[in-house]
Amino acid sequence: MAATEATAQSMNSLASMELLAEEQAAAINHLELQLKKIEEENEQLIEKQKLLDEEISKKQAAAIQQFITSEVRLAHAMSVLPVKRPRRSSEKESEDEAREQLCQTGILNPAVNFVYQKGYEAAQAGKSRLQQSYDDLIAWKFTPDSASGMRLMSCMRQLLEKNKHLGSINQMDRLLSLESETQMQASCIQEYMKTAQELDAVLQESSTDLDGVQSSLFTLKKQLNKAEALINALKAEYDKQNPGQSDALIAAALATLSEQAIAAEDQTKLEDEDHAPAEPQDDAQRT
């Protein structure tokens, strides 16, 4: 049971470590994707800013050219009109002064003013986007001084501490499992040694029994050889005295011997049957 609990704890610790590693990898991948997106947006904004600057510069050059031509025409008209036209009243002079002030302020063509206003608004929007992207990059800049970098470093420290703790737990679980396995192996080895000793004892006894059986067989073989020699000698003597009757005598002797053996077996069976029911009676008396 201890081994199973240790293995279960080790499996749980390994699973938690794998989950933490997967979470770390997912967080890092998410941050890298966000950085890539911000960099791509920054590049797109920079390209748009360049295009807007080029368009604004072109429009500004065209507006300046139109302004210069209008000023030249106005100066030429101002130089020609007083000679051809008669003198005007004070009201007309005030109107002319107002027109001159308007010309000096640069509000000559409404289309130019509209284009300039739209270009200025687009430039301001591009600058605000660029500043926002730059601020985002600074906010996501992973340096020891930045807030995001400090948060990331604190998270990494916590993860390292958790990994160390889980590693120590895993190491202890492995040690416990190894100790339990070594104890089980030692007990198995002791049992194997006991069984081996018992088998050795049984083999020694069987070898001694075999030696006794071999010696008894050897003696019986000697006796059998002597008996065969004696039988042959007796048969030869009997054939000399009564020729042709030795085989019948031997057959009769063998028949009598077989009958005696069968009778002895039957007697032993009867004795066993007589002794068998006596045992339960003895047991009943004992109870």
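Rundown of residues vs (1) outside any helix (DSSP H, G or I); (2) modelled with pLDDT under 80; (3) of a type outside the set (S, T, N, Q), yes/no style:
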site: GLN101; (1), (2), (3): no, yes, no
site: GLN117; (1), (2), (3): no, yes, no
site: LYS127; (1), (2), (3): no, no, yes
site: SER133; (1), (2), (3): no, yes, no
site: ASP136; (1), (2), (3): no, yes, yes
site: ASP145; (1), (2), (3): yes, yes, yes
site: LEU160; (1), (2), (3): no, no, yes
site: ASN163; (1), (2), (3): no, no, no
site: LEU175; (1), (2), (3): no, no, yes
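Does any residue of segment 235-251 turn out to be assigned to a helix (DSSP H, G or I), modelled with pLDDT of 75 or more, β-branched (Val, Ile, Thr) and surrounded by 10 or more Cβ atoms within 10 Å (Cβ to Cβ)?
Within segment 235-251, none of the residues are assigned to a helix (DSSP H, G or I), modelled with pLDDT of 75 or more, β-branched (Val, Ile, Thr) and surrounded by 10 or more Cβ atoms within 10 Å (Cβ to Cβ).
Does MET156 satisfy the condition of being in contact with a Pro (Cβ under 8 Å, 6 or more places away or on another chain) and either surrounded by 11 or more Cβ atoms within 10 Å (Cβ to Cβ) or in a helix (DSSP H, G or I) (or both)?
Answer is no for this residue.
The values are calculated or read from the model by the stated rules, or taken from the named source; none is laboratory data. Everything numeric here is computed off the predicted structure, so don't read it as measured data. All Cβ positions, glycine included, derive from the backbone under ideal geometry; neighbour counts span all protein chains shown.
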